[in-house]
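Here the structure is laid out as structure tokens; the discussion comes afterwards.
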Amino acid sequence: MDGNDREPALEMNARTMLGALALIVLALLTWELRWVLLVLFGSVVLAVALDVPITLVRRLLPLNRPTALIVVLLLAVLLGGLLLQLLVPELIDQVRQLGELMPQLLNRLVSLSRSVRWLPDLERSLSSGSLVSGDLWQRLQPLGGQLLGFAGGAASTTVQLVLMLLLAVLMALDPRAHQRLLVAVTPSFYRIQMQTLLGRCRAALGGWLAGMTVSAISVFLLTWAGLALLRIPLALLSALVCGLLTFVPTIGPTASTLLPLGLALMVSPGAVVQVLLLRLVLQNLEAFLITPLLLSHTVNLLPTVALMAQLSLGALLGLPGVLLALPLVVVLQVICQQLVVRDVMDRWA
């Protein structure tokens, strides 16, 4: 290889090294700013959630966007106040009843555990260990530090939620300006495709939010009615937990079933079986009928992809990662379909 051939090769190697170094720096920067990016994406999700009723209001009334946003926020406050007035007194009373029922529930669980042969042996082995006979105080000392860390985490989460809501309102006030900003930083040859891609991401995310909201309301009402018919204590509180955890598919419905099952245990073993059958029927109805019908025209997520996204982001970011895993996967699925499948794979001769 002569000198003329070496120069392009060296130049190519230098560009490759610079590109790899830039990717490494970008990955490190993204990891350091992960909480900022999480707040930003959460605000985008909330902005899309606001944009859906804003668009509906503007179709019904001749209003500009800021006025429609104010109308939507006022309606949300009024509806929230009405729901709080109707449900909160009952919920507060049921939470108080739950606190009173917890000792009875624990006693019932202890009595049931004694009927299992290996649990008493485990209890005796633990009681004879160092936890009771040894340095219990030293084990409890870090509890104060953990409580302080929990209080600091709660304060930080509150600030993040306030910033998320503020950013969501600002984005919903003028979404086209933010879209133009993203298009402007895109290479000129791909700007038309970027506009199409942003529109598809917004449609998929808005459809997913609308579908999951209707699904959660359906699960809440059906669970409330079913538990009330079965005369299970604290039916409203259990139904509200089941409805809220519908936004966390795969993991949420299973976790939400623990509360009504525990309360049914206070009634009778037969009530536990009835509640378990009710939750199985409602979970299958929601998973195989309600949610597919609502999301059939917007987005279709594979259960394995949804579960892996929740586990991965939960391990990296905790509970906020679990809550935002599915909307992130919805957006990434649309992006992959456009950038990878249509722009790369379909054109690969």
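The values are calculated or read from the model by the stated rules, or taken from the named source; none is laboratory data. Please read all numbers here as calculations on a predicted model, not as lab measurements. Counting neighbours? That spans all protein chains shown, and the Cβs are built from the backbone with ideal geometry, glycine included.
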Would you mind finding the one in P53, P89, P62 that is farther than 23 Å from L323 by Cα, modelled with pLDDT of 85 or more and not small (G, A, S)? P62
How about region 240-294: which of its residues are closer than 17 Å to L323 by Cα and small (G, A, S)? G243, G252, A255, S256
Looking at T246, T254, which one is in contact with a Gly (Cβ under 7 Å, 6 or more places away or on another chain), at pLDDT below 85 and either exposed (fewer than 15 other Cβ atoms within 10 Å of the Cβ) or closer than 25 Å to I92 by Cβ (or both)? T246
Please state which of the following conditions V267 fails to meet, knowing it meets all the rest: (1) within 20 Å of the chain's Cα centre (by Cα); (2) more than 25 Å from L197 (Cα to Cα); (3) outside any helix (DSSP H, G or I). (1)
Can you tell me which residue is farthest from L293 (Cα to Cα) among those in region 203-226 that are without any contact (Cβ under 8 Å) to a residue 60 or more places away in the chain and of a type in the set (A, V, I, L, M)? A225
Determine if region 339-349 includes at least one residue that is more than 29 Å from L38 (Cβ to Cβ) and part of a helix (DSSP H, G or I). yes
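Sort through L131, L181, L161, L205 and tell me the only one that's part of a helix (DSSP H, G or I), more than 25 Å from the chain's Cα centre (by Cα) and either closer than 21 Å to L245 by Cβ or modelled with pLDDT under 85 (or both).
On inspection, the qualifying residue turns out to be L131.
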Residue that is surrounded by fewer than 19 Cβ atoms within 10 Å (Cβ to Cβ) and not aromatic (F, W, Y), where the choices are A315, A309: A315
Restricting attention to region 224-240, does a residue exist that is out of contact with any Ser or Thr (no Cβ under 8 Å at 6 or more places or on another chain), modelled with pLDDT of 85 or more and closer than 24 Å to P303 by Cβ? no
Residue selected from region 42-69 under the condition without any contact (Cβ under 8 Å) to a residue 12 or more places away in the chain and not polar (S, T, N, Q), by the criterion surrounded by the most Cβ atoms within 10 Å (Cβ to Cβ): R58
